[in-house]
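Take a look at the structure set out below.
The values are calculated or read from the model by the stated rules, or taken from the named source; none is laboratory data. This one's a predicted model, so the numbers in the text were calculated from it and none came from an experiment. Don't worry about glycine lacking a Cβ; one is built from the backbone with ideal geometry, like all the others, and counts go over all protein chains shown. Remember, those area values only see protein heavy atoms, side chains included, never the ligands or the DNA or RNA. Shrake-Rupley method; radii C 1.70, N 1.55, O 1.52, S 1.80 Å.
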Amino acid sequence: MRRFKINAAGIMSAALLFMLTLTWGCATAPYTGRNQLITMSESEEMRLGLEASREILAEEKIEKNTPRARRVEKIGKDIASVANKPDYDWQFHTIDSKQVNAFCLPGGRVFVYTGILELVGGSDAELAAIMGHEIAHALARHGAERHSQSSLAQTGLGVAAIAVGVSTNSAAAAQATQLGGSVAAQLGFLLPYSRLHETEADHIGVILAAKAGYDPRAAITLWEKMEKLNAGNEPLSILSTHPLNRQRQEDLRKIMPEALKYYKPSNR
């Protein structure tokens, strides 16, 4: 009788999580139309982005009013102008660092490292592909989606661990369930979604770059450069947060006809 009560409680908890998933999963990613699970409000997400931005600006060496910084700001503003998100506080910062990296915080604060500027050289279209990709993460609210997925996964694992612990009267079994479930969630759910977010940001990003007047085909040459830069250092696909460079090129080629429909060359 006791086992039945525990199982019933577990089923009710799982049903509740499922109902919450249906309730919260009403967001839709722009351009791709993918349904999303997001439990965090956009205002809360933007508040966290503002706090993170303040910390980064206080800690990093920010270039101001240099040719590189002005280039980043111009291309960023070009893309933000077609992003259809006027409520975002769009800012574009250049970090003096050899890191080959860039990111966009919730609410529209974009940071570009000078290391990635060296990689793209004089190609504004490749830089637009990078900035379009990062801006796409903010537009699609990928950060809030990851937070929501992680929170629900942890809740589900907690419920499962408690059910196993009580039914077996074993703290060790509960801990093993928690640990094993965490690994399974990472490999089977969270990491695949992380890779999906990157692919989706590539998709949305080339459309944004094209709408802003930058040749979206430059995204492919960008990832060819990335592939050469990271040759021999890429992790196994199943353990990676990002798709492999070669896969990204293949995916970009598939969506390029769609992106080119938005492309009208401009005199930049």
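Can you say whether N101 is open to solvent by 10 Å² or more (accessible area, probe 1.4 Å) and under 16 Å from K61 (Cβ atoms), as far as the supplied structure shows?
Yes; evaluated as a whole, the condition is true for this residue.
Given L157, L119, which one is touching a Lys or Arg at 6+ places or on another chain (Cβ under 8 Å) and either at pLDDT 60 or above or of a type outside the set (S, T, Y) (or both)?
Selected residue: L119, the only one of L157, L119 that is touching a Lys or Arg at 6+ places or on another chain (Cβ under 8 Å) and either at pLDDT 60 or above or of a type outside the set (S, T, Y) (or both).
Quick check on my filter: what residues within the range 193-226 are of a type in the set (S, T, N, Q) and either under 16 Å from R34 (Cα atoms) or open to solvent by less than 10 Å² (accessible area, probe 1.4 Å) (or both)?
Result: S194, T199.
Go through the range 116-134 and give me each residue that's within 19 Å of Q91 (Cβ to Cβ), in contact (Cβ under 8 Å) with a residue 40 or more places away in the chain and out of contact with any Gly (no Cβ under 7 Å at 6 or more places or on another chain). Step through it out loud before you land on a result.
Pass one, the range 116-134, residues within 19 Å of Q91 (Cβ to Cβ): 116-117, 127-128, 130-134.
Filter once more, so that each one left must be in contact (Cβ under 8 Å) with a residue 40 or more places away in the chain: 117, 127-128, 130-134.
Within the range 116-134, L117, L127, A128, I130, E134 meet the criteria.
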